[in-house]
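Contents: one structure, followed by commentary.
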Amino acid sequence: MVDAGNSFGGDAGHIAEARDRAKLLMRYYKEMNYRCVAVGNKDLGLSIDFLKIFGKRYGLKLISSNIYSGTKRLFDPYEIVKVNDVRIAFIGITDDSGNSYQKTVRYEIRNPRDELLKVVGEVEKISDVIVVLTDLDQTRFMQLLKGIPSVDIGILSGTGPTRTNPIKEGGTYVLSTLPKGKGVGFAEVAVAKDGSILRLHNTLYYLYAHFPADKGVQADIEALKKKYQVLSSSPNPFLKALEEAKKRKSMHLKERGENSTQRVVPSTPNPFIELLKKATSPKEVPQK
């Protein structure tokens, strides 16, 4: 089991909720014996430190060949997995779109093609099959492959069409994953003694709601939903007050007419002042 990236981050309204979700998923990945997980661009929203700390805590191998701090890679660029005496090199490539240099968090996502060339030159000596795991979209990945014939398989989690059957770019089989959380893929690969791919059959399995679910996992998810229900369902009081103020202003303008120069003094108090008064009032402080 492997992951091409962006499974941990990118879809929660609050960073604390996103991190709690990611920790749950990391735990499940470990239980399912995932051999390695590529770091996707959206995963970086959880922070580099978070990924490194909790990836290690849950025993997950996170890989990316093109995330740097200075001259040092922040993750291992690849993982070698031996299956039936076949040495498979999984290389992680992170999409660099919009992230050429992140000054605030002190990391750099370098050019995917340049870094892939470096790593391929290293792993082709110690592996039989080379697989790239990446969140690049299909168009960019196809461009990246030109002139790199050593890559045997590419597994993409980025945007692009979901393909039941793999396509070939030169000598490389290109597979796509299902949208996040919608299913899993299973690839059967026949490899010759010289490491060349004889054939590849890929099947995508959709995870439907009526499938049996693990009760322990369900309980974990329900607990997480309950924990963040208040945060996700409660409207922002300042945004709500702003909308009410806009409505009142609109009503006053209609009453006085567009050409009137007479100033209309609102009869209702400023909602922001009222909220501040309410927030600082001793009566509103909860008793512990």
Legend entry - Fraction in percent of alpha-carbon pairs per bin - 10 Å, the stretch 2-229: 7, 33, 37, 19, 5, 0
Legend entry - Dimensionless Rg ratio for the stretch 1-137, taking C-alpha atoms and the 2.2 N^0.38 Å reference: 1.02
Inset, instruction - Positive end of the charge dipole of the stretch 2-229 (Lys, Arg +1 and Asp, Glu -1 on Cβ, about the Cα centre): tell me which of Tyr107, Leu224, Ile88 has its Cα farthest that way. - result: Leu224
Inset, instruction - Return the subset of Lys42/Lys227; Lys23/Lys225; Lys23/Lys72; Lys42/Lys180; Lys52/Lys182 for which the Cα-Cα distance in this structure is over 19 Å, preserving the input order. - result: Lys42/Lys227; Lys23/Lys72; Lys52/Lys182
Inset, instruction - Quick one: grab the alpha carbon gyration tensor of the stretch 126-197, order the square roots of its eigenvalues as a ≥ b ≥ c, and give me rounded if a/c is under 1.5, else prolate or oblate depending on whether a/b is larger than b/c. - result: oblate
Legend entry - Debye, to nearest 20: dipole size of the stretch 1-129, +1 on Lys, Arg Cβ, -1 on Asp, Glu Cβ: 420 debye
Inset, instruction - Starting with the highest mean, order 57-67, 138-148 by the number of other Cβ atoms within 10 Å, averaged over the residues of each peptide. - result: 57-67, 138-148
Inset, instruction - With a 10 Å radius around each residue's Cβ, average the other Cβ atoms per peptide and rank 200-207, 128-135, highest first. - result: 128-135, 200-207
Legend entry - Dipole moment magnitude, nearest 20 debye, the stretch 126-173 about Cα centre, only Lys, Arg, Asp, Glu C-beta charged: 160 debye
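FYI, it's all coordinate maths here, none of it is from the lab. Note that the structure is predicted; figures quoted are calculated from it, not measured. All Cβ positions, glycine included, derive from the backbone under ideal geometry; neighbour counts span all protein chains shown.
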